[in-house]
Amino acid sequence: MKIYIDFDDCLCETAREFTNIGLRLFGKNVPYEQIRFFNLQDSFGLNDSEYREMMIEGHKPEVLLSYKETPGAGKVVNDWIDKGYDVSIITGRPFNTFEASRGWLDEHGLKRVKLFFLDKYGRDPFLKQSDYNLTPEEYYRMKFDYAIEDSPLAFRFFEHLPDLKVMLYDRPWNHECSLPNANYQRCPDWEYIKRQVGGKQGEHD
């Protein structure tokens, strides 16, 4: 079984911390439940300069390390690894966050998980000349049976895998999105995801 997992807002509560950042930096009081768009610039009503400042703040090592784990994530992932599943984290964070990102995983008992950085969202406007350690060509050669993702903007990265089962982690910013087909399902928590994946074996074992 090969499994793709997004990092932010699948493994950790990134958006909840950004509500604190928005309030602290700009006095923008946007509760987590009211984050309507994956693009935080739109959700917080920021200009370009404010958005850049917010994203730089949210990617500082000490801030990344402070993100709280999404309940149940670590246990489920470790159970999968114990079963011999091949688990890869594919994050849209730039590679210069590697040390903090890897450190967060290690501190939360996920030392065995592979971590890859893919430019999913073209965020160079706030981190100029960002580097990533996984090229699109390399990514598209990878195969997965399941994907756990929170962003509808990432769906395009699944189009080359027609049999992929996509678990959309339920978040306020994806409530209004349409699911592309029956392979996509909305998931309220990690216990639900675990039940969906269950003991099924993928064709790529």
**Study point:** strands (runs of 3 or more DSSP E) contained entirely in segment 51-170, each with at least 1 residues that are in contact (Cβ under 8 Å) with a residue 40 or more places away in the chain, of a type in the set (A, V, I, L, M) and over 21 Å from A15 (Cβ atoms)
**Key:** 86-91
Revision key, fill the gap. The residue that is farthest from E99 (Cα to Cα), considering only those in segment 125-167 that are at pLDDT below 95 and of a type in the set (S, T, Y), is T135
Check your understanding: Does any residue of segment 24-33 turn out to be without any contact (Cβ under 8 Å) to a residue 12 or more places away in the chain and either touching a Phe, Trp or Tyr at 6+ places or on another chain (Cβ under 6 Å) or at positive phi (or both)?
Key -> yes
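The values are calculated or read from the model by the stated rules, or taken from the named source; none is laboratory data. Just so we're clear, the structure is a prediction, and the values are computed from it rather than from any experiment. Ideal geometry is used to build each Cβ from the backbone, glycine not excepted, and the neighbour counts take in all protein chains shown.
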